[in-house]
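Here's the structure we're looking at; comments come further down.
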Amino acid sequence: MARMRTNMASYNIVEFGAIGDAHTNDAPAIQKAIDSCSTSGGGKVVLAAGKTFLAGTLVLKSNVEIHVERGATLLASGKATDFQKDPAWKFGEAFITANGAQNIAFTGGGTIDGNGRAFVAEDLGYIYVMKEGRPFTFYLVGCSNVTMHDVVVRDGAHWTVRFSGCRDVVIDAVRIFNDLKLPNSDAIDLDHCQNVRVANCHIEAGDDCICLKARPEHAGLGPCENITVTGCTLVSTSAALCIGCEACEPIRDVVFDSCVIRNSHRGLIIHLSHEADVDNVIFSNMIVETRLFHDKWWGRGEPIYVVALPWTAQDRIGRIRNVRITNILARSENGVVIEGFAKDRIENILLENVRVELNKTSKHAGGRQDFRPCPGIEMPERPTSGFMIHQATNVTLRHCEVAWGPDRPDYYHHALWARHVDRLKLEDLQGESAHPDRMPAISMNE
């Protein structure tokens with residue numbers, strides 16, 4: 001009888017020549033270990049505790065697990081010339097990359113550091129100006145059976161975890177700590193991905209924490225679908241949970257559940273800017289806290305934001321349909337925003353058991369909305385109401401509530417403001433206007 005192998009083959013990168021002094025580029029030694037592991041049938045490439053291994057681009061291969069032990073750090077080089085673009089897609093340099101790999105993993109409890117600080121050109125106080133050539137920390141394309149578990153990812157220089165066209169993905173118990181002033185430092189971008197489970201993560205990011213996309217440079221890799229995000233805690237200078245504006249193929253069948261969002265610019269958002277459709281999305285059981293930031297950051301503190309507006313005057317726009325937003329407790333400087341390019345661009349939206357408490361807390365001016373990117377009406381002046389709905393069809397507010405804090409500027413207005421909405425249903429909407437002696441709780445007309 002053949003004896004079953006019980007231990008995974010292990011490849012210590014030090015045995016392949018890695019130094020681990022935080023100065024020497026150990027990429028050639030690490031790549032040798034990865035290649036040897038994959039060629040031999042797979043196993044675990046180990047980065048030992050107590051060392052910092054600096055590297056440029058690393059290409060992961062099938063059946064390889066990168067295991068960064070607790071106390072070890074894999075540090076991206078601070079030199080743009082140490083990073084490469086994969087010729088298959090020609091879009092952006094990357095630190096850790098793979099193309100078409102199967103059965104791969106990142107584990108171990110150690111730290112993977114994108115070294116974003118090395119690419120800061122100037123600190124404006126509220127946002128950084130970045131140098132050219134900053135890499136994605138992870139950029140996997142067309143991979144399957146991908147696992148990230150129990151690792152710490154820090155200081156992404158660009159998008160941090162970018163998976164494009166990947167299938168059967170698990171991201172669990174991962175901690176991502178990006179600089180909150182670093183633009184475009186999205187934490188997790190799921191682009192054209194299918195069958196993805198994100199759970200039990202803590203994320204802090206200057207840009208979107210978790211964003212779903214279907215970008216045009218990967219057109220043909222299929223829709224972004226069958227995605228669940230559960231049990232995460234999130235902080236963002238942009239948006240916490242986001243279905244992004246870039247969509248050349250459908251985004252559908254998505255569940256965001258049981259997350260807590262603190263000190264973010266936007267909370268729960270769908271922003272559609274292209275012709276593809278967004279269908280069947282659930283946001284449920286959330287605590288959301290948002291606030292205003294500087295205008296260099298997109299957003300105006302919206303706890304919930306559902307918008308379908310074209311990116312440019314030439315772009316056609318798809319539809320957002322079948323969205324359920326339930327059991328939400330929100331505190332914010334702004335209200336819920338639903339905005340369509342036309343009435344039929346946003347259809348069949350339910351907000352149920354949503355409580356919004358508005359209070360002016362930051363130094364940044366309010367009384368405007370932010371629809372960037374959108375030609376002509378990017379940041380119109382508009383008073384703030386608890387729920388603001390413009391151009392949509394079949395919208396239901398059921399058991400929703402608006403409350404106002406003690407600081408109520410003049411631009412705080414109604415509990416509900418609605419214009420050009422077909423089949424708006426109000427079932428037990430509670431709350432008065434911010435200034436009940438001057439204006440009604442509800443303002444609606446065609």
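Nothing in this text is a laboratory measurement; each read-out follows from the coordinates by a stated rule. Just so it is clear, the model here is predicted, and its values are computed rather than measured. A quick note on method: Cβ atoms are made from the backbone with ideal geometry, for glycine too, and the neighbour counts reach across all protein chains shown.
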Original post:
If we scan segment 330-352, do we find a residue that is of a type in the set (Ser, Thr, Tyr), outside any loop (DSSP other than H, G, I, E, B) and touching a residue at least 24 places away in the same chain (Cβ under 8 Å)?
Top reply: yes
Original post:
outside any loop (DSSP other than H, G, I, E, B), farther than 21 Å from Asp86 by Cβ and touching a residue at least 40 places away in the same chain (Cβ under 8 Å): does that describe Val235?
Top reply: yes
**OP:** All but one of (1) surrounded by 15 or more Cβ atoms within 10 Å (Cβ to Cβ); (2) farther than 26 Å from Cys245 by Cβ hold for His435, so report the exception by its number.
**Re:** (1)
Original post:
Can you find even one residue in segment 369-379 that is in contact (Cβ under 8 Å) with a residue 40 or more places away in the chain, at positive phi and among the small types (Gly, Ala, Ser)?
Top reply: yes
Subject >> Selected residue [under 26 Å from Asp277 (Cβ atoms), touching a helix residue (DSSP H, G or I) at 6+ places or on another chain (Cβ under 9 Å) and in a strand (DSSP E or B)] from Glu246, Glu225 >> reply: Glu246
**OP:** Only residues that are assigned to a strand (DSSP E or B), of a type outside the set (Val, Ile, Thr) and surrounded by 17 or more Cβ atoms within 10 Å (Cβ to Cβ): list them for segment 414-423, please.
**Re:** Leu416, Trp417, Ala418
Subject >> Among (1) over 27 Å from the mean Cα position of the chain (by Cα); (2) among the charged types (D, E, K, R); (3) crowded, with 16+ Cβ neighbours inside 10 Å - the single one Glu65 does not satisfy >> reply: (1)
Original post:
Given the residues Gly71, Gly78, Gly43, Gly20, which is the only one that is in contact (Cβ under 8 Å) with a residue 24 or more places away in the chain, surrounded by 17 or more Cβ atoms within 10 Å (Cβ to Cβ) and under 22 Å from Arg154 (Cα atoms)?
Top reply: Gly20
Original post:
Just checking, which of Asp191, Asp155, Asp179, Asp172 is among the charged types (D, E, K, R), touching a His at 6+ places or on another chain (Cβ under 8 Å) and surrounded by 19 or more Cβ atoms within 10 Å (Cβ to Cβ)?
Top reply: Asp191
Subject >> Looking only at segment 368-413, and only at residues there that are farther than 25 Å from Arg321 by Cα and among the hydrophobic types (A, V, I, L, M, F, W, C), the one that is surrounded by the fewest Cβ atoms within 10 Å (Cβ to Cβ) >> reply: Ala403
Original post:
Within the set of pairs 6 or more residues apart or between chains, which connect a residue that is on the phi > 0 side of the Ramachandran plot inside segment 275-296 to a residue that is surrounded by fewer than 21 Cβ atoms within 10 Å (Cβ to Cβ) and outside any strand (DSSP E or B) with Cβ atoms less than 9 Å apart?
Top reply: Asn285/Ser258
**OP:** Filter segment 110-143 for residues that are over 16 Å from Asp189 (Cα atoms), within 22 Å of the chain's Cα centre (by Cα) and assigned to a strand (DSSP E or B) and give the result.
**Re:** Thr111, Ile112, Asp113, Val120, Tyr128, Val129, Met130
Subject >> Pair list, Cβ under 6 Å, 6 or more apart: segment 116-143 residue without any contact (Cβ under 8 Å) to a residue 60 or more places away in the chain and on the phi < 0 side of the Ramachandran plot, other residue of a type in the set (S, T, N, Q) and in a strand (DSSP E or B) >> reply: Tyr139/Thr97
Original post:
Is one or more of the residues making up segment 431-442 in contact (Cβ under 8 Å) with a residue 60 or more places away in the chain, of a type outside the set (Asp, Glu) and not in a loop (DSSP other than H, G, I, E, B)?
Top reply: no
**OP:** Kindly provide the set of residues from segment 88-109 that are outside any loop (DSSP other than H, G, I, E, B) and buried (at least 20 other Cβ atoms within 10 Å of the Cβ), ordered by number.
**Re:** Ala94, Phe95, Ile96, Thr97, Ala98, Ile104, Phe106
